[in-house]
Amino acid sequence: MASTNNAASNQLPESFGAVIPGWFSEISPLWPGEAHSLKVEKILFQGKSDFQNVVVFESSTYGKVLVLDGVIQLTERDECAYQEMITHLPLSSIPRPQRVLVIGGGDGGVLREVSRYASVEKIDICEIDRMVVDVAKQFFPKVAVGFDDPRVTLHIGDGVAFLKAVPEGTYDAVIVDSSDPIGPARDLFEKPFFELIAKALRPGGVVCTQAESIWLHMNIIQGIVANCRQVFKGSVNYAWTTVPTYPSGVIGFMLCSTGGGPAVDFKNPVNPIDAESESKGALKFYNAELHRAAFCLPSFAREVIDCKVN
Ligand code: SAM
């Protein structure tokens, strides 16, 4: 169990009370000039790991909230949107996923969604910060339930180092559920990391990564798309969805497949979530229509993302 660490000695990050007393405001250089705020009922945990500040608070309207280095990672109310989309967009696009790797994802939500697939035999997760896992198990049991699946193996470490040790062609799917490209996740948005993923995937294998906001990060997205086009010889796609408590209220996903194997058409799911998954609780957000719609982009974003200049 995470050592509840509310000692006054641990000054809360500046984002608490900075804009409105009694409210959390998400202030970051990644979205200058704006700050989404949530009213705080109670601080439940605060700690500092070797990698980041970790805070959990009870909000007035979104349930419990997990914050890393002042950035919202999940809330009980809208986590379903992100966890379901980042998992089912790739896994429903290949016929029988069997071996899946999650990078990051220490809250366990992606694991919960991957475990819905009866065809999956092995789920590895590499999360750099054990404090996130412990805090998720303590304060977000309905999210961290993913760790209970017997197919899951938890590796505590850096995703880059983990992938360097993975034999070629090991996985059918890799899901990169990382925080933003500042702090420990910086390297998870760079070309060498994508090259390691491509090596770890089988021919026709798929990857889905957290890919920021089209309203805030077109420059970052442009770089990610260019790198993915050079690395992944199957298909390269960008999808997006709405998550109210993420900056600008949206989050994007890069969906790529490796060459040399069966073609992957991400825009048409071939492997709908099996009925068994009802035992894991009904899906709250994802469905096949939303899957298809996720790849429809506004013109300003399509211009940048679809342009073939590498
Ligand atoms: N849904 C969130 C988002 O979109 O920002 C991400 C949630 S999840 C909590 C992000 C996780 O990535 C964190 O637990 C963090 O510790 C982990 N992480 C960051 N850098 C990492 C790295 N280099 N290797 C493995 N895990 C990493």
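The figures follow:
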item: Separation between Cα centres of the stretch 182-233 and the stretch 253-270, rounded to whole Å; result: 15
item: Convex hull volume per residue in cubic angstrom - Cα atoms of the stretch 22-129; result: 116
item: Relative contact order (%) - the stretch 230-300, alpha-carbon pairs under 8 angstrom, separation at least six; result: 34
item: Exposure rule at most 13 other beta-carbon atoms within 10 Å, DSSP loop trypsin sites (Lys or Arg not before Pro): the chain longest free segment; result: 1-283
item: Value of [θ]222 nm, deg cm²/dmol, for the chain, DSSP H segments ≥ 4, -39500 (n - 2.57) each, nearest 500; result: -7000 deg cm²/dmol
item: All Cα pairs of the stretch 84-241, percent lying beyond 20 Å; result: 46
item: Span from the the stretch 104-174 Cα centroid across to the the stretch 64-88 one, whole angstrom; result: 15
item: Distance between modelled label sites at residue 186 and residue 295, nm, 7 Å Cα→Cβ extension; result: 3.5
item: Formal net charge of residues neighbouring residue 235 (Cβ-Cβ distance under 11 Å; K, R +1; D, E -1); result: +2
item: Mean Cβ neighbour count within 10 Å, used as a protection proxy, ranking 294-300, 258-264 highest first; result: 258-264, 294-300
item: Förster radius 35 Å - calculated FRET efficiency between residue 230 and residue 96 (Cβ-Cβ, nearest 0.05); result: 0.75
item: Residue 242 paired with residue 50, simple spin-label distance in nm, labels 7 Å along Cα-to-beta-carbon; result: 4.2
item: Equivalent-ellipsoid semi-axes of the chain, from the Cα gyration tensor, Å, largest first; result: 30, 22, 19
item: Candidates 282, 293, 18: whichever shows maximal mean-square fluctuation once the chain is modelled as a Gaussian network with Cα springs under 10 Å; result: 282
item: Rel. contact order, % - alpha carbon contacts under 8 angstrom, at least six apart, the stretch 174-226; result: 41
item: The chain: relative contact order in percent, alpha carbon pairs under 8 Å with at least 6 residues between; result: 17
item: Linear extension gain, residue 42 paired with residue 119, 0.36 nm per residue minus alpha-carbon span; result: 23.6 nm
item: Globularity index of the stretch 103-170, i.e. its alpha-carbon radius of gyration over 2.2 N^0.38 Å; result: 1.10
item: Inter-site label distance for residue 288 and residue 302 at 7 Å from Cα along Cβ, in nm; result: 2.4
item: DSSP H segments from the chain that extend 15 Å or more along their own axis, Cα-based, with Kyte-Doolittle mean of -0.5 or above; result: 79-91, 218-231
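Read the figures in this text as sums done on the coordinates, not as results from a lab. Just so it is clear, the structure is predicted and the values come from calculations on it, not from any experiment. Every residue, glycine as well, gets a Cβ built from its backbone with ideal geometry; the counts of neighbours run over all protein chains shown.
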